[in-house]
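Below you'll find the structure, written out as structure tokens, and then a few comments.
The values are calculated or read from the model by the stated rules, or taken from the named source; none is laboratory data. This is a predicted model, so every value here is computed, not measured. Neighbour counts run over all protein chains shown; Cβ positions are idealised from the backbone, glycine included. Side chains included, ligands, DNA and RNA excluded: accessible areas come from the protein's heavy atoms. Shrake-Rupley method; radii C 1.70, N 1.55, O 1.52, S 1.80 Å.
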Amino acid sequence: AQSVTQLGSHVSVSEGALVLLRCNYSSSVPPYLFWYVQYPNQGLQLLLKYTSAATLVKGINGFEAEFKKSETSFHLTKPSAHMSDAAEYFCAVSESGGFKTIFGAGTRLFVKA
Amino acid sequence: EADIYQTPRYLVIGTGKKITLECSQTMGHDKMYWYQQDPGMELHLIHYSYGVNSTEKGDLSSESTVSRIRTEHFPLTLESARPSHTSQYLCASSNPSGGGTDTQYFGPGTRLTVL
């Protein structure tokens, strides 16, 4: 069965600092992995996804994530945080041929001026 | 920007009332979903649909029902609301892009409070 664990329900960084949001997954078959972002009072929107091509995936707004099979991880990073990055971030996994996407509990990112 | 809409955005009702949460998308997507979102918890899939006249229950047991009579419309109904139904409900849609790789487009959600 698939599952996703996001380490840290809250992460706080200073503006300009590195953003690192952690995600570990469990899947019995090669996974597809996603990061979604949710701004206040809005629905989720896709940041990036891994679909078995390049292991380093670049997304919108300067975010990227690296698929590491040996560590079953798909951590999200951004070199320099901006105030507008403050939001909740969800990691998700689905399986090849599958219908359902399993979402993590989310990590709320705070950016301090 | 996703063209998926949910109404109402906020709803406060009393116990025992029947309610319908509306969800519409203008992207022509075949797949649609309903999730329940509570603070600090995973999004839980409560219903999904492959297309018109197709509906399935998700992983989380729910007393709600859904219908899919038109491609663009996927309403969720609670026959008798209870305080335990208080939550945020998110609707999403996607087009098949190769099993499991679909990008889902989400509506802004309906925050339901049952007193």
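Would you please name the residue that is surrounded by the most Cβ atoms within 10 Å (Cβ to Cβ), looking only at residues in the stretch A:26-35 that are assigned to a loop (DSSP other than H, G, I, E, B) and either among the polar types (S, T, N, Q) or in contact with a His (Cβ under 8 Å, 6 or more places away or on another chain) (or both)? I'd like the intermediate steps shown before the answer.
Filtering the stretch A:26-35 down to residues assigned to a loop (DSSP other than H, G, I, E, B) leaves A:27-30.
After this cut, where a residue has to be either among the polar types (S, T, N, Q) or in contact with a His (Cβ under 8 Å, 6 or more places away or on another chain) (or both) as well, the list is A:27-28.
Values: A:27: 19, A:28: 8.
Among residues in the stretch A:26-35 that are assigned to a loop (DSSP other than H, G, I, E, B) and either among the polar types (S, T, N, Q) or in contact with a His (Cβ under 8 Å, 6 or more places away or on another chain) (or both), the one surrounded by the most Cβ atoms within 10 Å (Cβ to Cβ) is A:27.
Only one of (1) open to solvent by 10 Å² or more (accessible area, probe 1.4 Å); (2) more than 14 Å from chain B (Cβ to nearest Cβ); (3) within 19 Å of residue A:11 (Cβ to Cβ); (4) of a type outside the set (Lys, Arg) fails for residue A:73. Which number is that?
It is condition (1) that residue A:73 fails.
Among the residues of the stretch B:1-46, write down those that are farther than 20 Å from residue B:84 by Cα, open to solvent by 60 Å² or more (accessible area, probe 1.4 Å) and either aromatic (Phe, Trp, Tyr) or in contact with a His (Cβ under 7 Å, 6 or more places away or on another chain) (or both).
The one that is farther than 20 Å from residue B:84 by Cα, open to solvent by 60 Å² or more (accessible area, probe 1.4 Å) and either aromatic (Phe, Trp, Tyr) or in contact with a His (Cβ under 7 Å, 6 or more places away or on another chain) (or both): B:5.
Of all residues in the stretch B:90-115, how many are over 25 Å from residue A:31 (Cβ atoms) and either more than 13 Å from the chain's Cα centre (by Cα) or open to solvent by less than 10 Å² (accessible area, probe 1.4 Å) (or both)?
Step one: list which residues in the stretch B:90-115 are over 25 Å from residue A:31 (Cβ atoms), which gives B:107-115.
Of the ones still in play, those that are also either more than 13 Å from the chain's Cα centre (by Cα) or open to solvent by less than 10 Å² (accessible area, probe 1.4 Å) (or both) are B:107, B:109-110, B:112-115.
Of the residues in the stretch B:90-115, 7 are over 25 Å from residue A:31 (Cβ atoms) and either more than 13 Å from the chain's Cα centre (by Cα) or open to solvent by less than 10 Å² (accessible area, probe 1.4 Å) (or both).
Report whether or not residue A:17 is modelled with pLDDT of 95 or more, outside any helix (DSSP H, G or I) and of a type in the set (Gly, Ala, Ser). Walk me through how you get there before you give the answer.
Numbers: modelled with pLDDT of 95 or more: yes; outside any helix (DSSP H, G or I): yes; of a type in the set (Gly, Ala, Ser): yes.
Judged against the criteria, residue A:17 is a match.
Filter the stretch A:20-59 for residues that are of a type in the set (Ser, Thr, Tyr) and within 11 Å of chain B (Cβ to nearest Cβ) and give the result.
Going through the stretch A:20-59, the residues of a type in the set (Ser, Thr, Tyr) turn out to be A:25-28, A:32, A:36, A:39, A:50-52, A:55.
If the condition is that a residue be of a type in the set (Ser, Thr, Tyr) and within 11 Å of chain B (Cβ to nearest Cβ), then A:27, A:32, A:36, A:39, A:50, A:51, A:52 are the ones that fit.
Quick one: count up the residues across the stretch A:1-19 that are of a type in the set (Val, Ile, Thr), within 12 Å of another protein chain (Cβ to nearest Cβ) and open to solvent by less than 50 Å² (accessible area, probe 1.4 Å).
If we filter the stretch A:1-19 for residues that are of a type in the set (Val, Ile, Thr), which is where we start, we get A:4-5, A:11, A:13, A:19.
When the remaining residues are screened for being within 12 Å of another protein chain (Cβ to nearest Cβ), the result is A:4-5.
Of the ones still in play, those that are also open to solvent by less than 50 Å² (accessible area, probe 1.4 Å) are A:4.
Selection size over the stretch A:1-19: 1.
Among (1) surrounded by fewer than 22 Cβ atoms within 10 Å (Cβ to Cβ); (2) closer than 29 Å to residue B:88 by Cα; (3) at pLDDT 95 or above, where does residue A:42 come up short?
Here residue A:42 clears every test but (3).
Looking only at the stretch A:33-53, decide whether some residue is out of contact with any Gly (no Cβ under 6 Å at 6 or more places or on another chain) and among the small types (Gly, Ala, Ser). Talk me through it step by step, then tell me what you get.
If we filter the stretch A:33-53 for residues that are out of contact with any Gly (no Cβ under 6 Å at 6 or more places or on another chain), which is where we start, we get A:33-42, A:44-46, A:49-53.
Then keep just the ones that are among the small types (Gly, Ala, Ser); that gives A:52-53.
Yes, there is a match, as at least one residue in the stretch A:33-53 is out of contact with any Gly (no Cβ under 6 Å at 6 or more places or on another chain) and among the small types (Gly, Ala, Ser).
Among what's in the stretch B:38-60 and is under 16 Å from residue B:78 (Cβ atoms) and at the interface with chain A (Cβ under 9 Å from one of its Cβ atoms), pick the residue that is modelled with the lowest pLDDT.
B:58
In this structure, does residue A:95 turn out to be at negative phi, free of Cβ contacts under 8 Å to residues at least 24 places away in the same chain and open to solvent by 30 Å² or more (accessible area, probe 1.4 Å)? It would help to see each step written out before you state the result.
Values: at negative phi: yes; free of Cβ contacts under 8 Å to residues at least 24 places away in the same chain: no; open to solvent by 30 Å² or more (accessible area, probe 1.4 Å): yes.
Spelling it out, it is not the case that residue A:95 is at negative phi, free of Cβ contacts under 8 Å to residues at least 24 places away in the same chain and open to solvent by 30 Å² or more (accessible area, probe 1.4 Å).
Could you grab me the full set of residues in the stretch B:75-89 that are within 10 Å of the chain's Cα centre (by Cα) and more than 14 Å from chain A (Cβ to nearest Cβ)? Explain how you work it out, then say what you get.
Initial filter on the stretch B:75-89 (within 10 Å of the chain's Cα centre (by Cα)): B:75-77, B:88-89.
Across the stretch B:75-89, the qualifying residues are B:75, B:76, B:77.
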